[in-house]
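Read the structure below first, then the notes.
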Amino acid sequence: MSDPALPMTDTAGMLAVLRGEGPVIITTHTTPDADALGSQLGLLRFLRAQGREVRAINADAVPEALRFLDGGNDLERWDAAVHEHVVLDAALIVCVDLNERGRCGALASALERSGATIAVIDHHLDPKPFAHHYLSVIEASSTAEIVLDLITAAGMPLDFALAQPLYAGIVTDTGSFRFERTTPALHRKAALLLEAGVDPQDTHRRIYDDYPVGRTMLLGRVLADMRQVCDGRVTILRVTRQMFEDTGTSLEDVENIVNYGLGIRGVEATALLTEVEDTVKISFRSRGAIAVNTIAQQFNGGGHRLAAGGRVYGQPLESVTQRVVKALCKAVGA
């Protein structure tokens, strides 16, 4: 839940912040997903239509599968020599789809030293104090849904350029409209995006059905190594550095693999552990009975009740695996 001491605002209040003057920077979390990028692009296009000078700068590159969203090449990758003065000179910095400054990665230091007004638009639990304004809607399906609400509240007509990235953010963060925050109201909002020209079949194909062959090979390796533990109620998936090397893949090719662990009868929760240099990145998913965000907190992370993540630094994969299995078995009572 949100800290009541934080400077929370509502849709009208955030619109007032966004309607100020001076250059704007929009950023999001490291290893950005479709909700992060879709929210960022939707907000950028909205603000430019309002006449504001806006740039979108991220610590990490856009994943290959999501580059189609950025037809105008608006998303810039952080380069301190190019961007530090831009961030320091900004009047407003908007952080979307994140709840703590550290998740900005390489931009975090510049944000801390900036004199800009900082605003957060997000739907994750437990935002941390670093910004001047928070539009934190934890009931929302996605940050893209919150940005869509801002745009419609401002009375701006939706066109394809606005609608497509927002639809991508919503469709991915709802698991193609099957997760618990998929409501009748959300479907009505999605209908507005389709009416603006979004092709749901083409969008789904670009995001989920247009992978390089190496990614499919990686998926096969991961599934072949899957473990069913805790009396069959938990699955553990792992991606090792060797798997990446053997299949010519990278971290972005791991996206969505965790969901395969839930597609087994009797499984209540799953975890995907990925070796990244000296770090083990962990993604948790639950069918509903297990609140995996509380488990993720044991691993330097957090997130939503049914989808969360964490990281463990400087420990071998097998050791982290044992810790994750122990935590999940305790959660399911096995």
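The values are calculated or read from the model by the stated rules, or taken from the named source; none is laboratory data. Small disclaimer: the values here were computed from a predicted structure and weren't measured. Cβ placement follows ideal geometry from the backbone for every residue including glycine, while neighbour counts extend to all protein chains displayed. Each accessible area value is taken on the protein alone, full model and side chains, heavy atoms only, with ligands, DNA and RNA left out. Shrake-Rupley method; radii C 1.70, N 1.55, O 1.52, S 1.80 Å.
Relative to the longest principal axis of the Cα atoms of the chain, helix 317-332 runs at roughly 90 degrees.
Projecting the Cα atoms of Ala291, His204, Thr117 onto the charge dipole of the chain (Cβ charges, centred on the Cα centre) puts Ala291 farthest toward the positive pole.
Each Cα pair under 8 Å and six or more residues apart adds its separation to the average, and for the chain the resulting relative contact order is 13 percent. To put it simply, the accessible area of the stretch 1-110 at a 1.4 Å probe is 48 percent carbon and sulfur. Across the stretch 35-66, the residues whose backbone nitrogen lies under 12 Å from the label position 7 Å along the beta-carbon direction of Asp210 are 64-66. Relative to the Cα centre, the charge distribution of the stretch 32-112, modelled as +1 at Lys and Arg Cβ and -1 at Asp and Glu Cβ, gives a dipole magnitude of about 240 debye. Accessible surface for the stretch 1-85, divided over its residues, is 43 Å² per residue with a 1.4 Å probe.
For the stretch 1-49 versus the stretch 275-334, the spacing of their alpha-carbon centroids is 29 Å. Calculated FRET efficiency, Ser109 to Lys326, Cβ-Cβ distance, R0 = 45 Å: about 0.80 to the nearest 0.05.
With an 8 Å Cα cut-off and a minimum separation of 6 or more residues, compute the relative contact order for the stretch 162-272 in percent.
21 percent
Toward the positive end of the charge dipole of the chain, about the Cα centre and with charges on Cβ (Lys, Arg +1; Asp, Glu -1), which of Pro184, Pro157, Leu92 goes farthest? Projecting each Cα onto the dipole axis, the largest value belongs to Pro184.
Using a 10 angstrom cutoff on alpha carbons, build the Gaussian network for the chain and name the most mobile of Ala36, Ala106, Ala12. The residue with the greatest mean-square fluctuation here is Ala12.
Ordering Leu328, Thr247, Ala271 by Cα displacement along the dipole of the stretch 246-334 toward the positive end leaves Leu328 in first place; charges were set at the Cβ atoms of Lys, Arg (+1) and Asp, Glu (-1).
Output the relative contact order of the stretch 58-163, whole-number percent, from Cα pairs under 8 angstrom with separation of 6+ residues.
After rounding, I find 20 percent.
Remark: spin-label model distance Thr30-Val86 equals 2.1 nm, labels positioned 7 Å along the Cα→Cβ axis.
Keeping the other protein chains in place, figure out the carbon and sulfur percent of the accessible area of the stretch 149-299, with a 1.4 Å probe.
Of the solvent-accessible surface of the stretch 149-299, carbon and sulfur hold 49 percent.
The trypsin sites (Lys or Arg not before Pro) of the stretch 1-73 that meet both conditions, a loop assignment by DSSP and at most 15 other Cβ atoms within 10 Å of the site Cβ, are Arg19. Excluding ligands, DNA and RNA, the accessible surface per residue across the stretch 194-322 is 48 Å² with a 1.4 Å probe. With 0.36 nm allotted per residue and the present C-alpha distance subtracted, the Met8-Asp126 stretch has 41.2 nm of extension available. The GluC sites (Glu not before Pro) of the stretch 240-334 meeting both criteria, a DSSP state outside H, G, I, E and B (loop) and at most 10 other C-beta atoms within 10 angstrom of the site's C-beta, are Glu277.
Where Lys and Arg each count +1 and Asp and Glu each count -1, what net charge lies around Ala106 among other residues with Cβ under 11 Å from its Cβ?
-2
One chain, two ends: Ala289 and Ser176. Fully extended at 0.36 nm per residue, the span grows by 38.6 nm beyond their Cα-Cα distance.
Each Lys and Arg contributes +1 and each Asp and Glu -1, all at the Cβ; summed about the Cα centre of the chain, the dipole is approximately 940 debye.
Compared with the dominant principal axis of the Cα atoms in the chain, helix 143-153 is inclined by about 30°.
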